[in-house]
């Protein structure tokens, strides 16, 4: 990346983003990093640029914004309501008041997240989360190993000539904060955190906010009151098959990764008894877990598996499945077999750093 200004071309989307931040930082020139070879021309960086403004209140931090997830130049998508993917990323990173330049790793983080969007087609929205499988700043001692995604508290969505653009702020979080958010509601958790984490500024040196007993108690109370809002869970290992058996009910085999067992079981207990389904997606497979009322059952429908579980079956599942490789069957539901396989956790270079199960 270099710091050259944009070429003299028509940039209505870019100008709209600049105008949104000019209202917040009037007259302040940001630190800017531009991409030498754009993604459209075969470059490695999907974002055409990233800007960062420095501020001292309410805590000293850099405020970053991306340029490139929306349509900066001409309109190329068929969606008249949204520009590009419909959002740009922002990031607030705590800094020393005397610091003159933002750290390079923060620019790399934003590029990596944009690369994920470009390559997967998955978009980020308010209330989502992402496990980083390692520290937010590589080779650091930080406890911040996950991200939450929230609407930027100071930059509302804007209408541009190419459609609407939201500003989704990435917020660094600890693993227990991630777990609390996906078990309850990430948005509500961070509304609770806001007085203790002004503007949701990421501080890589901080401890978990849930180490504070009063905040832990509030999160637990919200969970018991509301259940979980996480209705969709992505997993690396997911498959299902059905086998017809002579004079016996169809046998359904569900394959899951050991690393996802605890999350799935936890969410089932916080969704189905509240009358809410849970959808698990992995590769080409989808499984819909649905409240079963008074009966359990598994049925294929339109290429997906629908599994109905009673509240009693959900509790039995929680005590039966373990994050260890093996074949499990659930008492009272012997027509479904659970094939738990080892999960390999890899770093950003693809090296296996942990095996679960």
Angle between the Cα long axis of helix 12-24 and the longest principal axis of the chain, 0 to 90 degrees, nearest 10? 80
The chain - Rg (one decimal) and Dmax (whole number), Cα, Å: 22.7, 78
Alpha carbon centroid spacing (whole Å) that separates region 108-135 from region 278-357: 25
Please identify, among 247, 209, 233, the residue showing maximal mean-square fluctuation in a Gaussian network model of the chain using a 10 angstrom Cα cutoff. 247
Among 171-178, 103-110, how do they line up by average Cβ neighbours within 10 Å per residue, starting with the highest? 171-178, 103-110
With label points set 7 Å from each Cα along the Cα-to-Cβ direction at residue 341 and residue 211, the distance between them in nm comes to 3.9
Full extension between residue 154 and residue 279 adds, at 0.36 nm per residue less the Cα distance, a length in nm of 41.7 nm
By the Cα gyration tensor axes a ≥ b ≥ c (a/c under 1.5 gives rounded; else a/b larger than b/c gives prolate, otherwise oblate), the shape of region 1-144 is oblate
Calculate the spin-label point distance for residue 24 paired with residue 131, positioning each point 7 Å from the Cα along the beta-carbon direction, and give it in nanometres. 3.0
May I ask you to derive the FRET efficiency for residue 300 and residue 104 from their Cβ-Cβ distance with R0 = 51 Å, giving the value to the nearest 0.05? 0.55
Mind jotting down the distance between the C-alpha centroids of region 218-267 and region 173-192, whole Å? 20
Based on the alpha carbons, how large is the Rg to Rh ratio for region 232-345 when Rh follows Kirkwood? 0.93
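Only the coordinates and a few stated rules stand behind these numbers; no lab work does. None of these values were measured; they are calculated from a predicted model. All Cβ positions, even for glycine, are placed from backbone atoms using ideal geometry, and neighbour counts span all protein chains on display.
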